[in-house]
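The values are calculated or read from the model by the stated rules, or taken from the named source; none is laboratory data. On a predicted model such as this, the values are computed, not experimentally measured, just so you know. In this analysis, Cβ positions are derived from the backbone assuming ideal geometry, glycine residues included, and neighbour counts consider all displayed protein chains.
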Amino acid sequence: MKDKVIFITGGSRGIGKAIALRMAKEGANIVIAAKTTEAHPKLEGTIYTAAEEIEKAGGKALAVQLDIRSEEQIQEAVAKTIETFGGIDILVNNASAINLSPTEQTEAKRFDLIQGINIRGTFLMCKACIPHLKKSSNAHILNLSPPLEMDPKWFAPHLAYTISKYGMSMIILGLAAELKPFNIAANALWPKTTIATAAVQNLLGGDYLIQRSRKPDIVADAAYAILSKPSSLTGNFFIDEDVLEQEGITDFSSYAVDPDMPLQPDLFIN
């Protein structure tokens, strides 16, 4: 990863920041592209504090304010990346919106928000980065999205959200085939358990669920393992624990927030 240029959306906190810090330890150049520029009472971190942590961890950082629903902002962010680092080797589509409302309770503006960020934003990020990824010696796209399984049980409780996350996974399905001739890998990664993030804390289950979750580090370590592989590794829907098992890791207790608590499987995991 040394001197590789890695563009991470939604990297100011949580899983995105954990991936950034893992790559920074290897000397990577990281673009932190997210919306948060000022501290929020319920959400830790900004693009600037994340950039500081990346520099301290051994990487180089570029903080870019970005709402991935805006094609113009995406183009500006990519142009700034090229101007600063000279290219893009890896795109990590981590930015995502979550809403687990049933259909009747899903407002039109909320539906548009999660589709706009999760599907449209991810698609436009890929589109903007592909010309630069084609120039890389080992290019990767990694989406934080689940395995595709057309089981109604994943759609019935929160239809709008499932459509949006499966949309991100369908982008991987298509790009893996479309970009294979250009030696650009496209893979998805999803956690086996819930991860201790602001979304889990504030939206899903509070401290109860946090104590039954794993730290973002497990996803970051799995991402590092995937992105370190040749770009011929493509079209996969990886689960973090499975990736690390293939790397020879069998003890996952250090990733648990509370090793004495039972773990909560994440959404879309049987």
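Name every residue in region 2-43 that is in contact with an Asp or Glu (Cβ under 6 Å, 6 or more places away or on another chain) and within 20 Å of Cys126 (Cα to Cα), in order of residue number.
Lys4, Val5, Lys35
Taking the options Lys17, Lys80, Lys25, name whichever one is basic (Lys, Arg) and farther than 21 Å from Asp240 by Cβ.
So the residue among Lys17, Lys80, Lys25 that is basic (Lys, Arg) and farther than 21 Å from Asp240 by Cβ is Lys80.
Filter region 63-106 down to residues that are assigned to a helix (DSSP H, G or I), of a type in the set (S, T, N, Q) and surrounded by fewer than 19 Cβ atoms within 10 Å (Cβ to Cβ), then give me how many there are.
So in region 63-106, the residues assigned to a helix (DSSP H, G or I) come out as 71-85, 103-105.
Checking which are of a type in the set (S, T, N, Q) leaves us with 73, 75, 81, 84, 103, 105.
Within this subset, residues satisfying the condition of being surrounded by fewer than 19 Cβ atoms within 10 Å (Cβ to Cβ) are 73, 75, 84, 103, 105.
Of the residues in region 63-106, 5 are assigned to a helix (DSSP H, G or I), of a type in the set (S, T, N, Q) and surrounded by fewer than 19 Cβ atoms within 10 Å (Cβ to Cβ).
I'm trying to understand the selection: among the residues of region 219-270, which are part of a loop (DSSP other than H, G, I, E, B), surrounded by 18 or more Cβ atoms within 10 Å (Cβ to Cβ) and of a type in the set (Gly, Ala, Ser)?
Ser231
What residue, of Glu104, Glu83, Glu76, is among the acidic types (Asp, Glu), over 17 Å from Val31 (Cα atoms) and more than 20 Å from the chain's Cα centre (by Cα)?
Matching residue, one of Glu104, Glu83, Glu76: Glu104.
Which condition does Lys109 not pass, out of (1) surrounded by 14 or more Cβ atoms within 10 Å (Cβ to Cβ); (2) out of contact with any Leu (no Cβ under 6 Å at 6 or more places or on another chain); (3) not hydroxyl-bearing (Ser, Thr, Tyr), if it passes all the others?
It fails just one condition, (1).
Considering only residues that are charged (D, E, K, R) and either in a helix (DSSP H, G or I) or on the phi > 0 side of the Ramachandran plot (or both), which ones fall in region 1-28?
Scanning region 1-28 gives Asp3, Lys17, Arg22.
Out of Ile141, Ile163, Ile172, report the one residue that is buried (at least 23 other Cβ atoms within 10 Å of the Cβ) and in a helix (DSSP H, G or I).
Ile172
Do we have any residue at all in region 157-173 that's more than 17 Å from Asn118 (Cβ to Cβ) and small (Gly, Ala, Ser)?
No, region 157-173 contains no residue that is more than 17 Å from Asn118 (Cβ to Cβ) and small (Gly, Ala, Ser).
Counting only residues that are closer than 14 Å to Met125 by Cβ and in contact with a Lys or Arg (Cβ under 8 Å, 6 or more places away or on another chain), which one in region 76-96 is modelled with the highest pLDDT?
Checking each candidate, the answer is Ile90.
Ser228 - would you say it is at pLDDT 95 or above and of a type in the set (S, T, N, Q)?
Against the criterion (at pLDDT 95 or above and of a type in the set (S, T, N, Q)), Ser228 qualifies.
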